[in-house]
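S.K.: Pasting in a structure now, in structure tokens, and then I'll have a few things to ask.
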Amino acid sequence: MTVAYAGAGMDAFGSDPVDITPERAAELLAAGATVVDVREDHERRAGYIDGSEHIELARLAGAAATIDRDGPVVFYCRVGARSTMAAEAFRSSGYQAYSLAGGLLGWVAAGLPLAPAGGRVAEH
């Protein structure tokens, strides 16, 4: 499967926004959504959302077939730019895809935990 980048104006889900709050992302994760960290390896090692998968943005198109099409998928990165690109591309291919608004920095600012214990948000 080829995942093509969709322009910022394209939204396969009508008024359903691409960017979602950290709280909404946590709700989706708790309900069984797929959550994908698109950051680089060194960023992942510093800290991540527990229960998330790690697929670097550069490898994401090749790994698309491994991501469940039947439920929501939430992408995240450090600040939200890379994850927005991923979510828009996956939406254009029919996925119910979202991006964590504010990225992992937004997640931490909302008081949500990182793994492992003592995890932190790495520089890009």
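S.K.: Conditions first: (1) part of a helix (DSSP H, G or I); (2) closer than 20 Å to residue 26 by Cβ. Residue 85 passes all but one, so which condition is the exception?
M.R.: Condition (2) is where residue 85 drops out.
S.K.: Just to be sure, is residue 81 of a type outside the set (Lys, Arg) and in contact (Cβ under 8 Å) with a residue 24 or more places away in the chain? Steps first, answer last, please.
M.R.: Working: of a type outside the set (Lys, Arg): yes; in contact (Cβ under 8 Å) with a residue 24 or more places away in the chain: no.
So residue 81 fails the test.
S.K.: Which residue, of 68, 50, 41, is touching a Ser or Thr at 6+ places or on another chain (Cβ under 7 Å) and over 11 Å from residue 86 (Cα atoms)? Break it down stepwise before answering.
M.R.: On the way: 50 fails: touching a Ser or Thr at 6+ places or on another chain (Cβ under 7 Å); 41 fails: touching a Ser or Thr at 6+ places or on another chain (Cβ under 7 Å).
Of the residues listed, the single one that is touching a Ser or Thr at 6+ places or on another chain (Cβ under 7 Å) and over 11 Å from residue 86 (Cα atoms) is 68.
S.K.: In the range 36-53, how many are surrounded by 20 or more Cβ atoms within 10 Å (Cβ to Cβ), of a type in the set (A, V, I, L, M) and not in a strand (DSSP E or B)?
M.R.: Result for the range 36-53: 2.
S.K.: If residue 98 satisfies all but one of (1) buried (at least 21 other Cβ atoms within 10 Å of the Cβ); (2) not in a strand (DSSP E or B), what's the number of the condition it fails?
M.R.: (2)
S.K.: Determine if the range 1-16 includes at least one residue that is modelled with pLDDT of 95 or more, of a type in the set (A, V, I, L, M) and in a loop (DSSP other than H, G, I, E, B). Don't jump to the end; show me each part of the working.
M.R.: From the range 1-16, those modelled with pLDDT of 95 or more are none; that's our starting set.
Checked the range 1-16: no residue is modelled with pLDDT of 95 or more, of a type in the set (A, V, I, L, M) and in a loop (DSSP other than H, G, I, E, B).
S.K.: Working carefully through the options 92, 52, 99, find the one that is farther than 12 Å from residue 19 by Cα and touching a strand residue (DSSP E or B) at 6+ places or on another chain (Cβ under 6 Å).
M.R.: Values: 92 fails: touching a strand residue (DSSP E or B) at 6+ places or on another chain (Cβ under 6 Å); 99 fails: farther than 12 Å from residue 19 by Cα.
It is 52.
S.K.: Any residue in the range 61-80 that is of a type in the set (S, T, N, Q), in a helix (DSSP H, G or I) and touching a strand residue (DSSP E or B) at 6+ places or on another chain (Cβ under 7 Å)?
M.R.: Here is the first cut: in the range 61-80, the ones of a type in the set (S, T, N, Q) are 66.
Then keep just the ones that are in a helix (DSSP H, G or I); that gives 66.
Filter once more, so that each one left must be touching a strand residue (DSSP E or B) at 6+ places or on another chain (Cβ under 7 Å): none.
Checking the range 61-80: not a single residue is of a type in the set (S, T, N, Q), in a helix (DSSP H, G or I) and touching a strand residue (DSSP E or B) at 6+ places or on another chain (Cβ under 7 Å).
S.K.: Of all residues in the range 102-124, count the ones that are out of contact with any strand residue (DSSP E or B) (no Cβ under 9 Å at 6 or more places or on another chain), of a type in the set (A, V, I, L, M) and in contact (Cβ under 8 Å) with a residue 12 or more places away in the chain.
M.R.: Within the range 102-124, the subset out of contact with any strand residue (DSSP E or B) (no Cβ under 9 Å at 6 or more places or on another chain) is 105, 108-113, 117-118, 120-124.
From the residues that got through so far, the ones that are of a type in the set (A, V, I, L, M) too are 105, 108-110, 112, 117, 121-122.
Among the residues that remain, those that are also in contact (Cβ under 8 Å) with a residue 12 or more places away in the chain are: 105, 108-110, 112, 121-122.
Total meeting the criteria: 7.
S.K.: Now a separate question. State whether the residues of the range 54-74 include one that is buried (at least 16 other Cβ atoms within 10 Å of the Cβ) and in contact with a Gly (Cβ under 7 Å, 6 or more places away or on another chain).
M.R.: So far as the range 54-74 goes, no, none of its residues is buried (at least 16 other Cβ atoms within 10 Å of the Cβ) and in contact with a Gly (Cβ under 7 Å, 6 or more places away or on another chain).
S.K.: While we're here: Of everything in the range 85-124, what is charged (D, E, K, R) and either touching a Gly at 6+ places or on another chain (Cβ under 8 Å) or within 19 Å of residue 44 (Cα to Cα) (or both)? Give them in sequence order. So that I can check it myself, show each step before the final result.
M.R.: Our first condition is that a residue be charged (D, E, K, R); within the range 85-124, this holds for 88, 91, 120, 123.
Passing the criteria: 88, 120, 123.
The values are calculated or read from the model by the stated rules, or taken from the named source; none is laboratory data. Please read these numbers as outputs of a predicted model, since none were measured by experiment. Methodologically, a virtual Cβ is constructed for each residue, glycine included, from the backbone with ideal geometry; neighbour enumeration extends over all protein chains shown.
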